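Have a look at the structure below before the remarks.
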Amino acid sequence: MTYPRIAGGRLTWAAVQHGARPALIHGDQTFSFDEIEARTNRFANALLGLGLAPGDRVAVLLNNCVDSVVAVFGAEKAAQTYLALNARHTLPEHAAILNDSQASTVVLGPEFAALAGELPALVPSLRHVLGVGFKAPNALDYHDLLGAAEVRAPRIPIPDDHIERIGYTSGTTGKPKGVAYTALRWQQRLDNQFHAMEYALGVDDAMLHVGPLTHAAGVYLLPCYLRGARSVVADRFDAAAMLRDIERHRITQLMLVPTMLSRVLDALDAGSNADLSSLRIINYGTAPASVELLRRAVKRFGPILRQQYGMTEAVQPLAVLYPHEHVIEGAPQETARLGSCGKPTVNVSITIRGADDQELPQGEIGEIAIAHHGIGAVQFWRQPQITAASIRGGWYYTGDLGYFDAEGYMYIVGRNKDMIISGGFNVYAREVEDALASCPGVLEAAVMGVPDPEWGELVAAFVVPREGSRVTPEELTAHCGARIAGYKKPRVIRLVKELPRNHSGKVTKHVLRDAFLQETEAAKVPA
């Protein structure tokens, strides 16, 4: 027999445990656990007062602030299905996700006030628009609703298969897809997160959130809250400001994407004298980090880095490379681990599959397939065909390519769609990107295949030089030629100011590829 859960019950439990202790710091504002409990209760009751039923979809489009925390926690307490919108998306992209999810309510911050008048006409299911910090004719005032709502926590029983959240894939290769998280799947994700953090999170900890709370940075909010740790929320990432925040708030943990880590190291090299003695863990992920970057980081910070590999479609994290495994000096088999994403975590099995869906032996590259224990396979929202196509024999095929070494460490070599076939040879984008990243004048690089009538595909690289660097395409070609086989060298190199990214910090390679193809086609047209 399955016993129903109480929606948001764990949040109320945390407030009872930690009460007046500081839970959230944003700018000069500090909010206790009791205050967050009261606000989230009010928001939950406000949603229920609007007539929303359990499982109705509530979309949130807010930049980092206390209300972005209240919205996600309050939606959980009201047994709503929460989904985050990407602040970088356009109106048509927002409308597409709201229509796909059949959202009944959207919460908008003041930066997105114009959408209050545009979305209702584009999204037939949308019944309520809540404005945070602005007033509009067809938007309900968020703060007025909270002020009039009951402060007592609602107690709504939910089954294990209640859809708690819908997470939309980052869309690095195309249109985002909704992934449904049941209450049971979300609980297992929380369990996995605690295990990955080695349960070393408590009331003396302070975590700095510098990325959007609606995405990767927000994964750590709930673990911090349940363990009584302080969450310090920054408006946005700025390397110099982040270093000051670490000193000011005695930050013990933070989460960075690789590009952020690189810029923090640059700020330190430029002469920052911030006191970082409180910092004991730097979590990183969402995109591959080059071995060169990790060596640099370990030299600067010591063995305090922790990599977490995962994806929206899975109960994260899937694999973890722990601090003690970030070895830069020692036996070759130990230093090689820096290029891996670690070993599989609890509650998940990972296998490498070939083209015939058979398991491959260690050392051979194939597609990474995963299976979660006790919670079934991934479920795409309202897309049973995609769900069926991605699951074979109980395994979810991730689209990532990788292999296991003799010690069980897993290495990612790229995406299935990123594999380049040039002149009949397979080229893995990650290997070329790592070769480029090892050049002192390179900040980051993205590699992909572009069509070529002779070779089938050419290896193309989009490279962001470091500030002040005068590196040339010819120098980069020579640098790669000394490190990887000739057929792997980039034949096309473009120097760019930055790489396009989605809200999760992942490079959107299809944007680069499309721009390159348009440029190539335009060059063929006679003037």
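The values are calculated or read from the model by the stated rules, or taken from the named source; none is laboratory data. The shown structure was predicted, so the numbers you read here are calculated from the model rather than taken from an experiment. Every residue, glycine among them, receives a Cβ derived from its backbone with ideal geometry; neighbour counts consider all protein chains shown.
Scanning region 340-372 for residues that are among the aliphatic types (A, V, I, L, M) and without any contact (Cβ under 8 Å) to a residue 24 or more places away in the chain returns a single hit, ALA355. Only one entry in ALA206, ALA200, ALA217 is over 25 Å from VAL507 (Cβ atoms), at pLDDT below 90 and of a type in the set (Gly, Ala, Ser), namely ALA200. Summed over region 305-334, residues that are over 22 Å from ALA406 (Cα atoms), within 15 Å of the chain's Cα centre (by Cα) and outside any loop (DSSP other than H, G, I, E, B) total 0. State whether one or more residues within region 464-483 are surrounded by 15 or more Cβ atoms within 10 Å (Cβ to Cβ) and within 23 Å of the chain's Cα centre (by Cα). Yes: one or more hits.
Looking for something in a strand (DSSP E or B) and surrounded by fewer than 13 Cβ atoms within 10 Å (Cβ to Cβ) - is there at least one such residue anywhere in region 359-366? Yes, the conditions are met somewhere in region 359-366. Within region 102-118, residues that are farther than 26 Å from PRO54 by Cβ and in contact (Cβ under 8 Å) with a residue 40 or more places away in the chain sit with their Cβ atoms under 8 Å from residues that are polar (S, T, N, Q) and in a loop (DSSP other than H, G, I, E, B), at 6+ positions apart or across chains, in these pairs: GLU111/ASN63. One residue stands out among those in region 484-514 that are over 30 Å from GLY310 (Cβ atoms) and among the aliphatic types (A, V, I, L, M): the one that is surrounded by the most Cβ atoms within 10 Å (Cβ to Cβ), which is ILE493. Per the listing ALA200, ALA183, ALA240, ALA196, the residue uniquely among the small types (Gly, Ala, Ser), out of contact with any His (no Cβ under 6 Å at 6 or more places or on another chain) and farther than 21 Å from TYR309 by Cα is ALA240.
Check VAL203, VAL233 and return the single one that is in contact with a Cys (Cβ under 9 Å, 6 or more places away or on another chain) and of a type in the set (Val, Ile, Thr). Checking each option against the conditions leaves just VAL233.
Of the helices (runs of 4 or more DSSP H) entirely within region 1-96, those holding at least 3 residues that are out of contact with any Phe, Trp or Tyr (no Cβ under 9 Å at 6 or more places or on another chain) occupy 9-18, 33-49. When PHE134 is tested against (1) assigned to a helix (DSSP H, G or I); (2) of a type in the set (A, V, I, L, M, F, W, C); (3) modelled with pLDDT of 95 or more, exactly one condition is not met: (1). Annotation note: Cβ proximity below 6 Å between a residue of region 187-210 that is crowded, with 21+ Cβ neighbours inside 10 Å and a residue that is aromatic (Phe, Trp, Tyr) (sequence gap 6+ or interchain) occurs for MET207/TYR220; VAL210/PHE237. Apart from one condition, THR335 fits all of (1) among the hydroxyl-bearing types (Ser, Thr, Tyr); (2) crowded, with 17+ Cβ neighbours inside 10 Å; (3) farther than 26 Å from GLN188 by Cα; the exception is (2). Which residues, counting only those in region 423-449, are under 23 Å from the mean Cα position of the chain (by Cα) and of a type outside the set (Val, Ile, Thr)? Those that are under 23 Å from the mean Cα position of the chain (by Cα) and of a type outside the set (Val, Ile, Thr): TYR428, ALA429, ARG430, GLU431, GLU433, ASP434, ALA437, LEU443, GLU444, ALA445, ALA446, MET448.
Among the residues of region 138-164, those identified as outside any loop (DSSP other than H, G, I, E, B) and not β-branched (Val, Ile, Thr) are LEU140, ASP141, TYR142, HIS143, ASP144, LEU145, LEU146, GLY147, ALA148, PRO157, GLU164. Selection of region 299-325 for residues being under 20 Å from SER262 (Cβ atoms), surrounded by 23 or more Cβ atoms within 10 Å (Cβ to Cβ) and modelled with pLDDT of 95 or more yields ARG306, GLN307, LEU321.
Against the test of being farther than 11 Å from LEU61 by Cβ, crowded, with 22+ Cβ neighbours inside 10 Å and at pLDDT 95 or above, the options SER104, SER125 yield a single qualifying residue, SER104. Against the list (1) closer than 22 Å to LYS509 by Cα; (2) in contact with a strand residue (DSSP E or B) (Cβ under 8 Å, 6 or more places away or on another chain); (3) surrounded by fewer than 17 Cβ atoms within 10 Å (Cβ to Cβ); (4) free of Cβ contacts under 8 Å to residues at least 40 places away in the same chain, the condition ILE420 fails is (3).
So that you can scan it fast, the table gives a plain yes or no per residue for (1) touching a Leu at 6+ places or on another chain (Cβ under 8 Å); (2) surrounded by fewer than 18 Cβ atoms within 10 Å (Cβ to Cβ); (3) at pLDDT 95 or above:
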{"position": "ARG155", "(1), (2), (3)": "no, yes, no"}
{"position": "ALA183", "(1), (2), (3)": "no, no, no"}
{"position": "PRO223", "(1), (2), (3)": "yes, no, no"}
{"position": "VAL232", "(1), (2), (3)": "yes, no, yes"}
